[in-house]
Amino acid sequence: MNRNDTLSILKQLKLSPKKKLGQNFLIDENILKKIISISELTSDDIVLEIGAGLGALTFQLSTLVDKVYAYEIDKTLYQYLKTKFSSSPNIQLINEDILNANIPPHNKVVSNIPYSITGPILEKIFYKVSPPVGTLIIEKSLANRIFLKNSYKNFSRISINFNAFMIPMQKVSISPNAFYPSPKIELSMIKVLPRADIHPFLKSKETRAFFLEFISGIMPYKNKNLSNAIHSYLNTIKSDLISKNELKQYLASIDFDDIKLSQFKYDDFIVLSEKFYELLDQKMKGEF
Ligand code: SAH
């Protein structure tokens, strides 16, 4: 679907794109081809699409794979898609908020997603035991943080969390002109694969939630030393369970140097969250 097709459908539907829902429709056929080729689709694939919009990508996907689950929150777009794809039995359209949905099993995610909810989408889709392979268009600044190797300064919560579950493979910049209306932000297409070696601590729901909360808690202090960062985090949750001295002693006992957070490798943070979880547990039981 090019710009003219998109404009004429929107006119026919009496719709103007809703900013609140991140409606930026893909109008560049070359980018569409690139998403499809980079996704390496096979006839066995079960694909999730988040935010089907006017169905530009949905249809291409459906011709190549076994099944497409296409979520679209907008009622008018959903009705339009229902009619448009009435003779494509392998497209299942679902009129739900992806963030509240109970998503059927799938092995790939291919989507130009609503950019404003990228963080929650990444968490819901990828931060789990057997995440799918993904091809996504997301905001460039987030893509850059995901693709930072191990790194000083610019790394953030999303760099650590994403790399705990996924392997970033490919990143391609995309011009805002590939969309109607063109978004104010810059975008990238990314290809990501699930890690085969997801850390055991991230395999249960409870400890995974602990890890994510711990990372959110300490990352605002990424330029502090480890003991200071953890201590500042404990202050924000009003926990006086562990004194700074105790923390220092504990970190030394588990062989973690008291250096700046930005000097650790991403995977160190997983081990650290596990050790901190154990420490809290011992504290609760009065064993430390
Ligand atoms: N994939 C299409 C549309 C991209 S725009 C294309 O590339 O052309 C993003 C789409 O996501 C919009 O159609 C918007 O209505 C939909 N959307 C926004 N928030 C959503 C949510 N929480 N759940 C499902 N769909 C959502």
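The values are calculated or read from the model by the stated rules, or taken from the named source; none is laboratory data. Model, not experiment: these values are computed from the prediction. Note that we place each Cβ from the backbone using ideal geometry, even for glycine, and neighbour counts take in every protein chain shown. Surface accessibility is based on the protein's heavy atoms, side chains included, excluding ligands, DNA and RNA. Shrake-Rupley method; radii C 1.70, N 1.55, O 1.52, S 1.80 Å.
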- Message: Pairs needed: first member in the range 259-288, closer than 20 Å to Ser243 by Cβ; second member anywhere, open to solvent by 60 Å² or more (accessible area, probe 1.4 Å); C-beta distance under 6 Å; at least 6 residues apart or different chains.
- Response: Gln282/Phe288; Lys283/Leu241
- Message: Being surrounded by fewer than 17 Cβ atoms within 10 Å (Cβ to Cβ), more than 10 Å from the ligand (Cβ to nearest atom) and of a type in the set (A, V, I, L, M, F, W, C) is true for just one of Leu41, Leu61, Leu7. Which residue is that?
- Response: Leu7
- Query: Can you tell me which of Glu49, Glu96, Glu72 is in the same structural domain as Met169 (by TED's automatic domain parsing) and open to solvent by 20 Å² or more (accessible area, probe 1.4 Å)?
  - Reply: Glu96
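Which of the following residues is open to solvent by less than 70 Å² (accessible area, probe 1.4 Å), in contact with a Lys or Arg (Cβ under 9 Å, 6 or more places away or on another chain) and in the same structural domain as Thr118 (by TED's automatic domain parsing): Ile254, Ile185?
Numbers: Ile254 fails: in the same structural domain as Thr118 (by TED's automatic domain parsing).
From the options Ile254, Ile185, the qualifying one is Ile185.
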- Message: Checking the structure you have, find out if any residue of the range 30-37 is assigned to a loop (DSSP other than H, G, I, E, B) and either open to solvent by 10 Å² or more (accessible area, probe 1.4 Å) or over 17 Å from Val172 (Cβ atoms) (or both).
- Response: no
- Given the conditions (1) under 11 Å from the mean Cα position of the chain (by Cα); (2) away from the ligand (no atom under 15 Å from the Cβ), every one holds for Ser141 apart from (1)
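Restricting the search to the range 10-22, which residues are of a type outside the set (A, V, I, L, M, F, W, C) and open to solvent by less than 100 Å² (accessible area, probe 1.4 Å)?
Ser16, Pro17, Lys18, Gly22
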- Task: Return the pairs, sorted by first residue and then second, in which the second residue is open to solvent by 80 Å² or more (accessible area, probe 1.4 Å) and more than 9 Å from the ligand (Cβ to nearest atom), the first residue lies in the range 10-36 and is among the hydrophobic types (A, V, I, L, M, F, W, C), the beta carbons are less than 8 Å apart, and the residues are 6+ apart or on different chains.
- Result: Leu10/Ser16; Ile27/Arg3
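Please count how many residues of the range 126-147 are among the aliphatic types (A, V, I, L, M), out of contact with any Pro (no Cβ under 7 Å at 6 or more places or on another chain) and open to solvent by less than 50 Å² (accessible area, probe 1.4 Å).
Keep residues of the range 126-147 that are among the aliphatic types (A, V, I, L, M), which gives 129, 133, 136-138, 142-143, 146.
Those left that are additionally out of contact with any Pro (no Cβ under 7 Å at 6 or more places or on another chain): 129, 136-138, 142-143.
Applying the additional criterion that residues be open to solvent by less than 50 Å² (accessible area, probe 1.4 Å) yields 136-138, 142-143.
Residues in the range 126-147 being among the aliphatic types (A, V, I, L, M), out of contact with any Pro (no Cβ under 7 Å at 6 or more places or on another chain) and open to solvent by less than 50 Å² (accessible area, probe 1.4 Å): 5 in total.
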- Of all residues in the range 190-216, how many are under 17 Å from Glu278 (Cα atoms) and outside any loop (DSSP other than H, G, I, E, B)? 14
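Residues that are touching a Gly at 6+ places or on another chain (Cβ under 9 Å), in the same structural domain as Val192 (by TED's automatic domain parsing) and within 11 Å of Met1 (Cα to Cα): does the range 23-34 have at least one? Walk me through it before giving the result.
The first filter runs over the range 23-34 and keeps only residues touching a Gly at 6+ places or on another chain (Cβ under 9 Å), leaving 23-26.
Add one more test, that the residue is in the same structural domain as Val192 (by TED's automatic domain parsing), and what stays is 23-26.
Cutting the leftovers down to within 11 Å of Met1 (Cα to Cα) gives us 25-26.
Yes - at least one qualifying residue is present in the range 23-34.
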